[in-house]
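**Q** Let me give you the structure first, and then I'll get to my questions.
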Amino acid sequence: MAETARHIVHEIYSDVIFELAEETGRLDEVLSDLQAVGKVLRAEPEFFSLLVSANLSEAEKVAMIRRVFAGRVCPLVLDFLCVLVRRNRLTFLNGIAGRYEDRYDSVRNRKRVVVTLAKEPSEAEIEKLKEEIRRAVQAEVKLTVKVDPEILGGIIIQKGDQRIDHSVRNILDRTVNAILEYGKNRPRPSAPESPK
């Protein structure tokens, strides 16, 4: 399926589930349930294969969904999963859930921020960092922490298109480039005149 068509499917289905969740006051619960279902389906690829298989009838797939998820997710999400199975759209669940989360973040004024560090931080360091960023952006923060030893130290912060690179690697690269540039542009001393 073309990327545009896939995007349209994500948009239509996520908008439907989002509006139903908003009307029933279940935005948080639906987000949590969609994420949980996605984790189960990724962790159990054989189960997912059965749910999208052409060898099982629609009724068998719906029965499997109800048997596995009833009582574990809210009725709204359970019914939504059944609709996806009936319409052969379960393969789009990750994209639908991702777009739902984007809308959720917008409504809840939650900003996604990715930080890259040279080494794995402790839970206390993550919480401190999250709080500092929350104060800086004046919004709730959904923090993703990446570890990249190549940056040597410091931090890289990315929010949307904005990127602040205070890594040791970046500082060293800038310093080396400045020294090289200075060396190129520095006036050469003139040779002393020979005595007459």
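**Q** Under the rule of -39500 (n - 2.57) per DSSP H run of 4 or more residues, summed and divided by the residues of the chain, what mean residue ellipticity at 222 nm is obtained, to the nearest 500 deg cm²/dmol? Walk me through the numbers on the way to the answer.
**A** On the way: 8 runs with 118 residues, N = 196.
Mean residue ellipticity at 222 nm (helix-derived): -19500 deg cm²/dmol.
**Q** Given Ile155, Val137, Asn177, which one lies farthest toward the positive end of the charge dipole of the stretch 110-185, if we put +1 on the Cβ of every Lys and Arg and -1 on the Cβ of every Asp and Glu?
**A** Highest projection toward the positive end goes to Val137.
**Q** How much length, in nm to one decimal, is gained on full extension between Val147 and Ser53, taken as 0.36 nm per residue of separation minus their Cα-Cα distance?
**A** Stretched out fully, the Val147 to Ser53 stretch lengthens by 30.0 nm.
**Q** Using alpha carbon centroids, what distance separates the stretch 154-179 and the stretch 1-30, in Å?
**A** 37 Å
**Q** Considering only C-alpha atoms, what is the centroid distance from the stretch 119-147 to the stretch 75-109, in Å?
**A** One Cα centre to the other: 27 Å.
**Q** Moving on. Pop the C-beta distance of Val137 and Tyr182 into the FRET formula with R0 = 45 Å and round what comes out to the nearest 0.05.
**A** About 0.80, to the nearest 0.05.
**Q** Next question, about the same structure. If a helix is a whole DSSP H run, which ones in the chain reach 27 Å or further along their own axis (Cα) and hold a mean Kyte-Doolittle hydropathy of at least -0.5?
**A** Membrane-span-like by this criterion, though nothing is claimed about a membrane: 3-23.
**Q** Moving to a separate point now. When the chain is treated as a GNM, springs tying every alpha-carbon pair under 10 Å, which of Val37, Val176, Val16 comes out with the largest mean-square fluctuation?
**A** Maximum fluctuation in the GNM of the chain, among the listed residues, is at Val176.
Computed from the coordinates by the stated procedures, all read-outs in this text should not be read as laboratory data. These figures come from a predicted structure and were not determined experimentally. Don't worry about glycine lacking a Cβ; one is built from the backbone with ideal geometry, like all the others, and counts go over all protein chains shown.
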